1. Where does the protein assembly as shown land on Rg(C-alpha)/(2.2 N^0.38 Å)?
2. In whole Å, largest first, what are the principal axis extents of the Cα atoms in chain B?
3. May I ask for the net charge around B:Val59, where only other residues with Cβ less than 10 Å from the Cβ of B:Val59 are counted and Lys, Arg are +1 while Asp, Glu are -1?
4. Would you mind pulling out the separation of the Cα centroids of region A:268-342 and region B:27-48, in Å?
5. Average partner chain C-beta neighbours within 10 Å, per residue of B:178-191?
6. Using the Kirkwood radius built from alpha carbon pairs, what does the Stokes-Einstein equation give as D for region B:70-132 at 37 °C and 0.692 mPa s, in µm² per second?
7. Where does region B:36-176 land on Rg/Rh, using Cα atoms and the Kirkwood Rh?
8. How far is the Cα center of region A:217-241 from the Cα center of region B:179-229, in Å?
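Derivation of every value follows stated rules applied to the coordinates shown; laboratory data play no part. Here the structure is a predicted model, which means the values were calculated and not measured. As a convention, Cβ positions derive from the backbone with ideal geometry for all residues, glycine included, and neighbour counts pool all protein chains shown.
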Amino acid sequence: MPDTTAARRRADRRLPRMSQVFRMPAAAGRVTAVAPAQPSHPAEAPEARGRIVAGYLAPHPPHLIYAENPPQNEPRSTGGWEILRWAYEEARTRLRQRHRPDVIIVHAPHWITMVGHHVNCVPNPRGRSVEPIFPHLLRYSYDFRTDVELAEAIVDEADAAGLVASRMTDPGVRVDYATIGALHLLNPDWDIPVVSLSANNNPYYYSEAGLDDMEVLGEATRRAIERTGRRAVLAASNSLSHLHWDTEPELPEDMAREHPYNHHQYQWDMRLLELIRAGRTRDLRTFIPEHIEQTAAEIKAGSLSWMLAAMGWPEIPGDVLGYWTVIGTGNAVIEWDPGRHG
Amino acid sequence: MADATIVGAALVPGMPHVLADAPAPSWKALGGAMREVGHRLRATGPDAVVLLSTQWFTVLGHQFQHHPNPSGTYVDENWYGYDYGHLDYDHRVDLELVERWAAETERDGMQARLTRYDDFPIDTGTIVAGHLLDPDGGLPVAQVSCNLYAPADALERIGALATTAATAVGRRVAVVVVTGLSAGLIQRWISPGEDHILEPGHDRWNRRILDLLAAGNLAGALEQREAYALAASVDSQGRALAFLAGTGAATGRADVLEYGPIWGTGAAVVHWRPQ
């Protein structure tokens, strides 16, 4: 059974924050935030400015790709988790028909970087990603294009805002399953350029992401989009409540075994979704840390906060396209569409 | 029975900085200590190494590396910009020992998975330990993942079952755990000479635990595991210590060969001789 002892949970909650990654004076051993700098490129003419046309909470459990049986993935399944997969189906339709983005930007918690925020600037990442945690579910051949100009612009803006930010230009770095998962499920044809951002935290060591950092990174992302003139869709590759089983059934897609980890986790996920559906986005700023505390939510990796910050915490309803569990964790596919509500 | 099977044990760091071309003093000292421990372990004539690396962390069941010869080059997703971020590896796996270990794990009521996939990404810690403890790659390895959703005492049982399995298949084994101590990282790019343990409190805790190990009091260290994890952000909440205790390999006084920082985290090289 999972380790849910009170001691473990107390320990998890009280561990120090990891993701404070503002640049520091050389002598300092710990984080000191510097005032965010002005954008490196002041606003251009409005007609030249890009914008965020939609944001998606786009959970990445490899089970969902596994269940789809796409040609890129080696393992075969008999399906499963249809509610979430149908939600993604609707998201794909909207992405193609309504949003027509130039680029999808994803923030993913399983590209774990220990020092700073990294942005994949490799023009054409390709390879085979055998997932070390779920190798029986995900052995995926990827081949996609990066919007390098935008990727570098995000690094520049983040750097100018005082974050430790790095260009990742090494094609040998394996692309992680949270990046692949969200991007495949939003666009299995991979025919839209991508920018992928790392998560500067390790959700398995630390209980609380540096959500303040994600505000700054989100704003830097928005400025980079604006100055490069892109129509961008953002993808926050996060699950919600994140306690889960530590074993799995013989048939991974045995849906008779799939349900919320417990009622507490489910209730907190529903409270979050109610705020989102009501468009009470500003209230999420205070509720998200509480949700993390209560449910060990994966949004502690900061992807959701990054996305909402980039979008300016819009007071518009999020459209919950679907919610269900994967090995007990809560997962929702949600769209924020400023064009529809703004 | 276990005493006859185990020929020594070690706790070593898995950060790749110990392989740096231009290391910080502490990285160099830690790497040198790992080479020394490797020499000591090999001198006792083990047939195989029983290995746990916290950097191969999993969440479902207990995975056992079952590829006969994982080999390739691993590019670390954080340290790719440095010479030590590109790591070649070529390991041999003791399949008979692994299969018995996994079977014992299932028999004990836990879920075991044999993991055998081409292109499976071997973790940095495993590669680093292989380079320094067994540079010629002569020793086959039996490795289990570190399930972070399983309680620490499950890892302790997994450790005990390693000894059971080694005895059953007639192996003399060295036990190696690859783990950091305090895990607080310096959150900026530093030059090697700037390295230091991130927080004095982490340093005090690390030394307290190492003193207990040096005194032969692993049980005492385990009693403080949760408090240590809480106070010093310990790598995998100290699960490697629980695993080590389970094997029965870390009895008696430990020789703490080296202790120092790696990018703010605590790292130590510790050796236990067979009792």
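1. 0.93
2. Largest to smallest, the principal-axis extents are 48, 40, 36 Å.
3. Charge balance near B:Val59 sits at -2.
4. 50
5. Average per residue, whole number: 5.
6. Working: Rh = 13.5 Å.
Rounded, D is 243 µm²/s.
7. A ratio of 0.96.
8. 37
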